[in-house]
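Working notes, structure below.
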Amino acid sequence: MTLASATPSLADLRVDGARLWQSLMDLARIGGTEKGGVCRLALTDLDRQGRDLFVNWAMEAGCEVRVDAIGNIFARRPGRNNSLPAVMTGSHIDTQPTGGKFDGNYGVLAGLEVLRTLNDAGVQTDAPLELAVWTNEEGSRFVPVMMGSGVYAGAFTLEHALSQQDRDGVSVREALCGIGYDGAAAVPPAQPDGVGAYFEAHIEQGPVLEAADTVIGVVTAALGQRWYDVVLTGVEAHAGPTPMPLRRDALLAASELVLAVNQIALAHAPNARGTVGWMDVFPNSRNVIPGRVRLTVDLRAADDATLSAMDAALRAAAEAAAAARGVTAQVDQVVYFPPQPFAPALVDSVREGAKALSMSALDVVSGAGHDAVYLARVAPAAMIFVPCKDGISHNEIEDARPEHLEAGCNVLLRAMLAQAGVAA
Ligand SMILES: [Zn+2]
């Protein structure tokens, strides 16, 4: 049964925005900072308190709660036909040291609000619903980032994740045991092949929606990333006696490369990105012509053809800048994340949900990593973005408007119902 043919009461179903907001504020008190942010690092006692609060809420909502071996929490609301793959939503509740109330927490509590709303209305879905809390998305205390969803999706092994240590030498395995979320071996973990669809609601963490005065971001893809280390090598020489035509100035070549990186991204607007974020100039002395510059380049694009073209353009630009200045260029790629398109059918569910609710919506890409990016490798996945104030996130002043959070949650509700089907 589709929503279009649903009873009028189902089409009119809305989440309780005040309850969603209150839950966000309640969770934000755990690890709350003086500046109004949240510091709740993964697998700390504060993380345990946050998890415990979530588990209590999920059980109050009638869910069956399971924890897997990397500490991911799954709260399940049975459907009419529990042999159908689940329709899943979720996000994370760990934060950066100077994190905010909404990054991750919104996706988890929006999912909870959907389940509460269905309970209140007595709606049974055909497929079961799953609400996931992924372990250590932020990667602040332990790397790699997106650890729980990465293990779940097979991006790296459970053993690799468990053996990682924080700066004090505490392993993920020890920290999970310490907070009592090391999973119960007797309980089979949820498997990706049991997931029919995955939705994640998230604050945008960027300025696009706010600038466009738009409420719903329909996320079509996550940008792929190529990171590089570049070394430009010339010759240090005295700034006085060395005439301009006879110099081999590495910083001059680097400067041209910085501009080229910007141009390379602009040539693939609006979704491509190019950034030189770090530079080291040697010997960095007032009257010495720079003999060596090391710098980083971060290129991002929504599809691999574009990202490959940007890679070729970067290498050509480095060669050209070096040749023009009599220096040598070495360009090494050090990180590659493939672009991750989201599932068109699910993206359509998000777009249709916003349309049915008469909300402004815009197709956008995710420039940042999210658990949904790993889930998309093993299940159809999509994301819903809502604006955050001034596009600021990973900051204690991170803020979002209650009506926007409510709107995104209503879109999530409709998208999940569209995928799960509603028992007649
Ligand atoms: Zn997040």
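What to note about this one:
- Check on residue 98, touching a helix residue (DSSP H, G or I) at 6+ places or on another chain (Cβ under 9 Å) and of a type in the set (Ser, Thr, Tyr): no
- Restricting attention to region 69-86, the residues that are out of contact with any Cys (no Cβ under 8 Å at 6 or more places or on another chain) and under 11 Å from residue 132 (Cα atoms) total 4.
- Number of residues in region 130-167 that are of a type outside the set (A, V, I, L, M, F, W, C) and part of a helix (DSSP H, G or I): the value is 6.
- Qualifying residues in region 124-157 (those that are surrounded by fewer than 24 Cβ atoms within 10 Å (Cβ to Cβ) and of a type in the set (Val, Ile, Thr)) - the one nearest to the ligand (Cβ to nearest atom): 145
- Top-ranked residue in region 229-250 [being among the hydrophobic types (A, V, I, L, M, F, W, C) and without any contact (Cβ under 8 Å) to a residue 40 or more places away in the chain; ranked as surrounded by the fewest Cβ atoms within 10 Å (Cβ to Cβ)]: 244
- Each residue in region 251-308 was checked for being small (Gly, Ala, Ser) and touching a residue at least 60 places away in the same chain (Cβ under 8 Å), and 5 pass.
- Counted residues, region 299-337 - those being over 22 Å from residue 270 (Cα atoms) and among the acidic types (Asp, Glu): 2
- Residue match in region 184-201 (condition: surrounded by 22 or more Cβ atoms within 10 Å (Cβ to Cβ), within 22 Å of residue 270 (Cα to Cα), hydrophobic (A, V, I, L, M, F, W, C) and within 16 Å of the ligand (Cβ to nearest atom)): no
- Taken together, 343, 321 contain a single residue that is in contact (Cβ under 8 Å) with a residue 60 or more places away in the chain, farther than 30 Å from residue 11 by Cβ and either among the hydrophobic types (A, V, I, L, M, F, W, C) or assigned by TED's automatic domain parsing to the domain that holds residue 88 (or both), which is 321.
- Residues of region 219-261 classified as not in a helix (DSSP H, G or I) and not aromatic (Phe, Trp, Tyr), total: 26
- Helices (runs of 4 or more DSSP H) within region 1-114 that include 1 or more residues surrounded by 21 or more Cβ atoms within 10 Å (Cβ to Cβ): 17-28, 45-60
- Number of positions in region 363-421 that are of a type in the set (Lys, Arg) and closer than 24 Å to residue 152 by Cβ: 1
- If only residues of region 209-233 that are in contact with a Ser or Thr (Cβ under 6 Å, 6 or more places away or on another chain) and among the β-branched types (Val, Ile, Thr) are counted, the one that is farthest from the ligand (Cβ to nearest atom) is 233.
- Index of the failed condition, residue 213 passing every other in (1) crowded, with 18+ Cβ neighbours inside 10 Å; (2) assigned to a loop (DSSP other than H, G, I, E, B); (3) in the same structural domain as residue 343 (by TED's automatic domain parsing): (1)
- Filter pass, residue 99 being assigned by TED's automatic domain parsing to the domain that holds residue 201, in contact (Cβ under 8 Å) with a residue 40 or more places away in the chain, within 13 Å of the ligand (Cβ to nearest atom) and closer than 27 Å to residue 335 by Cβ: yes
- Filter pass, residue 206 being assigned to a loop (DSSP other than H, G, I, E, B), over 20 Å from residue 318 (Cα atoms) and within 16 Å of the ligand (Cβ to nearest atom): yes
- Residue 340 within 16 Å of the ligand (Cβ to nearest atom) and more than 27 Å from residue 213 (Cβ to Cβ): yes
The values are calculated or read from the model by the stated rules, or taken from the named source; none is laboratory data. Computed from a prediction, not measured in an experiment: that's the story for all the values here. Please note: Cβ atoms are built from the backbone with ideal geometry, for glycine as well, and neighbour counts cover all protein chains shown.
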